[in-house]
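Every number here is computed from the coordinates shown, using simple stated rules; none is lab data. Here the structure is a predicted model, which is why all the values come from computation and not from measurement. Please note: Cβ atoms are built from the backbone with ideal geometry, for glycine as well, and neighbour counts cover all protein chains shown.
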Amino acid sequence: MTLTQYFTATSLDGFIATEDDSLEWLFPLGDVSDSSYPTFIAEVGALAMGSATYEWMLRNSDQVAAETGSPWPYRQPVWVFSRRTLPTIDGADVRFVRGDVGRVHEQMRAEVGAKNIWVVGGGDLAGQFYDAGLLDELIIQIGSATLGKGKPLFPRRVLSPCLRLVSVRQMGSGMVELRYEVCRVTADGA
């Protein structure tokens with residue numbers, strides 16, 4: 001079964017990036033190879049990405065290449081949600097879209113087969129998938145840092161349907177990973 005997953009890292013106080021979209025706070029906290037990321041990305045067939053994340057990838061291509069071996073580390077198709085015209089990346093399967101996430105999600109599902117869809121930044125885009133009833137899991141890596149302010153992890157109030165904690169994993173001395181399943185409320189309220 002294909003899952004739509006929001007996999008991200010956050011500070012202890014709930015920010016995925018600083019106000020100016022910096023992720024510098026994150027890099028000293030852990031090694032990606034010691035996390036669930038290698039297994040996770042192997043199961044991903046498509047990515048949904050916000051424009052701020054895409055632009056961060058462009059601005060930091062040297063750092064991305066140092067971490068991953070390539071300035072564009074994804075072999076999967078990536079749907080970038082943006083109202084603006086953004087530069088393309090040679091050799092990358094990037095599709096620029098706008099509007100309703102439901103329509104785009106249908107296109108993505110048609111291409112992924114049995115693989116999963118990764119909502120890879122930002123919090124508001126993940127919230128739009130949640131609002132549309134399309135988000136199945138949240139995989140949140142929490143780093144031992146606080147930012148005070150910045151880009152929120154998930155700018156939504158989630159009271160019902162609930163998030164059900166399914167696993168907790170310590171990653172070295174600087175991070176922990178929480179995995180939540182998004183519970184669905186049926187027509188009879190169960």
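Just give me the residues in the range 81-117 being in a loop (DSSP other than H, G, I, E, B) and either among the hydrophobic types (A, V, I, L, M, F, W, C) or under 23 Å from residue 39 (Cβ atoms) (or both), in sequence order. Please lay out each step first, then the result.
So the first thing to find is which residues in the range 81-117 are in a loop (DSSP other than H, G, I, E, B), and the list is 82-93, 98-100, 113-115.
Listed by number, the residues that qualify are 86, 89, 92, 93, 113, 114, 115.
Can you pull out the residues in the range 113-161 that are among the β-branched types (Val, Ile, Thr), surrounded by fewer than 21 Cβ atoms within 10 Å (Cβ to Cβ) and farther than 22 Å from residue 26 by Cα?
The answer is 158, and nothing else.
Going by the structure shown, is residue 174 loosely packed, with under 15 Cβ neighbours inside 10 Å, more than 15 Å from residue 2 (Cβ to Cβ), out of contact with any Asp or Glu (no Cβ under 6 Å at 6 or more places or on another chain) and not polar (S, T, N, Q)?
Values: loosely packed, with under 15 Cβ neighbours inside 10 Å: no; more than 15 Å from residue 2 (Cβ to Cβ): yes; out of contact with any Asp or Glu (no Cβ under 6 Å at 6 or more places or on another chain): yes; not polar (S, T, N, Q): yes.
Against the criterion (loosely packed, with under 15 Cβ neighbours inside 10 Å, more than 15 Å from residue 2 (Cβ to Cβ), out of contact with any Asp or Glu (no Cβ under 6 Å at 6 or more places or on another chain) and not polar (S, T, N, Q)), residue 174 does not qualify.
Cβ-Cβ under 7 Å, sequence separation 6+ or interchain: first residue in the range 66-87 and of a type in the set (Gly, Ala, Ser), partner in a loop (DSSP other than H, G, I, E, B). Which pairs?
So the pair list comes out as 82/98.
Limited to the range 1-51, what total is found for residues that are buried (at least 20 other Cβ atoms within 10 Å of the Cβ) and within 12 Å of the chain's Cα centre (by Cα)?
Counting residues in the range 1-51 that are buried (at least 20 other Cβ atoms within 10 Å of the Cβ) and within 12 Å of the chain's Cα centre (by Cα) gives 13.
Evaluate the range 135-158: report whether one residue or more is assigned to a loop (DSSP other than H, G, I, E, B), within 16 Å of the chain's Cα centre (by Cα) and of a type in the set (Asp, Glu). Lay out the reasoning, then the answer.
Of the range 135-158, the ones assigned to a loop (DSSP other than H, G, I, E, B) are 135-136, 144-150, 153-158.
Filter once more, keeping what is within 16 Å of the chain's Cα centre (by Cα): 135-136, 153-156.
So of that shortlist, the ones also of a type in the set (Asp, Glu) come out as 136.
Yes, there is a match, as at least one residue in the range 135-158 is assigned to a loop (DSSP other than H, G, I, E, B), within 16 Å of the chain's Cα centre (by Cα) and of a type in the set (Asp, Glu).
The conditions are (1) surrounded by fewer than 17 Cβ atoms within 10 Å (Cβ to Cβ); (2) farther than 28 Å from residue 24 by Cβ, and residue 83 fails exactly one of them. Which is it?
For residue 83, the failing item is (2).
Output the strands (runs of 3 or more DSSP E) that fall wholly within the range 1-80 and possess 2 or more residues being within 26 Å of residue 110 (Cβ to Cβ), or say none. Can you show your working first?
Values: elements: 4-11, 15-17, 44-50.
Because the criterion is at least 2 residues that are within 26 Å of residue 110 (Cβ to Cβ), the strands (runs of 3 or more DSSP E) in the range 1-80 that meet it are 4-11, 44-50.
For the range 89-119, give me the residue count where each residue is in contact with a helix residue (DSSP H, G or I) (Cβ under 6 Å, 6 or more places away or on another chain) and in contact (Cβ under 8 Å) with a residue 24 or more places away in the chain. Even if it seems obvious, please write down each step before you answer.
First, the residues of the range 89-119 that are in contact with a helix residue (DSSP H, G or I) (Cβ under 6 Å, 6 or more places away or on another chain): 97, 101, 117, 119.
Now narrow it down to the ones that are in contact (Cβ under 8 Å) with a residue 24 or more places away in the chain: 101, 117, 119.
Here the count works out to 3.
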